[in-house]
Amino acid sequence: MVFGLSITNLSLPEYQTAKSIAVYLSMPSGELSTTGIVKDALQRGKNVYIPYIHTQGKTSIMDMFALGSVSEFESLQRDKWGIPSLLSTQIEGRPNGLAQGLDLIVMPGMAFDHGFRRLGHGKGYYDHF
């Protein structure tokens with residue numbers, strides 16, 4: 001099912017019942033801010049996973065790693081696009097959403113066609129994930 005999730009509709013049953021969610025972390029402008037979603041999910045005790053982009057050989061890969069707390073979220077360093085991001089030194093020992101299982105993925109979408117195919121503005125990380 002495709003639906004929009006924002007801080008104004010966190011009462012959706014899909015969000016309410018999800019125990020483990022992956023959430024994209026938004027750029028400072030041009031995307032729906034996910035800060036409220038991340039903070040709400042952590043405060044409700046949900047397992048929250050955030051994107052981590054890394055390379056394996058010549059391939060760029062996205063994984064979803066656990067975020068521990070609101071204070072950890074607020075302390076994340078911003079990357080060159082202004083997106084809060086985990087550093088490579090923060091990955092070891094952190095649970096990966098691929099291995100743990102996810103109930104809900106909140107992903108960016110610039111537009112959707114009538115078949116609910118997503119248009120983003122990246123390298124297809126979410127489509128592959």
Given a Förster distance of 41 Å, the FRET efficiency implied by the Cβ-Cβ spacing of residue 55 and residue 17, rounded to the nearest 0.05, works out to 0.70
Length gained if residue 40 through residue 99 is fully extended, taking 0.36 nm per residue and subtracting the Cα-Cα distance, is 18.9 nm
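Given a 1.4 Å probe, how much area per residue of segment 32-75 is accessible, in Å²?
Numbers: 2180 Å² over 44 residues.
In whole numbers, segment 32-75 has 50 Å² accessible per residue.
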Two pseudo-spin positions, 7 Å from Cα along C-beta at residue 70 and at residue 88, lie apart in nanometres by 3.3 nm
Contact order relative to length for segment 1-106, counting C-alpha pairs under 8 Å separated by 6 or more residues, stands in percent at 31 percent
For residue 104, the residues 5 or more places away or on another chain with a placed amide H closer than 5 Å to its own amide H are 20, 22
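The values are calculated or read from the model by the stated rules, or taken from the named source; none is laboratory data. As the structure is a prediction and not an experimental result, all values here were calculated from the model. Every residue, glycine among them, receives a Cβ derived from its backbone with ideal geometry; neighbour counts consider all protein chains shown. For accessibility, only protein heavy atoms count, side chains too; no ligands or nucleic acids. Shrake-Rupley method; radii C 1.70, N 1.55, O 1.52, S 1.80 Å.
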